[in-house]
Amino acid sequence: MAAPRLIWNSHGDWVLSLIDQHIWDLSRNCVGWIDGDQVYTLEGEFAGTLSRDSRILKKRSDPRPPLRKDIPPAPPRPDLPGRAPLPPSFSELSY
């Protein structure tokens, strides 16, 4: 199992972790998965794009892509760090 990549909200709070291709919340529940840089929920709904500064961004005006049916099965619950380091400096959003 790879080391977790921490995902932050726009306020700088650690909210999710990416391990391999699965996204986990802080309670160690699998809440989604990633395909390239596209993030999907466990129901196959598009959630947004994972940015280089580890935030999930979604343009509200974009049309909704169709639901994905090829959802990978979730692995066993991972061990997550007890706390996170300081968040990175976020880049400015273009929209």
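Structural remarks
- Taken along the Cα-to-beta-carbon direction at a fixed 7 Å, the label points for Thr49 and Ile71 span 2.5 nm.
- If you wrap the tightest convex hull around every Cα atom of the range 1-74 and split its volume per residue, you get 99 Å³.
Where a number appears in this text, it was derived from the coordinates with a stated rule and is not lab data. Predicted model only: the values in this text are computed from it and were never measured. Using ideal geometry, Cβ is built from the backbone for each residue, glycine included, and neighbour counts are taken over all protein chains shown.
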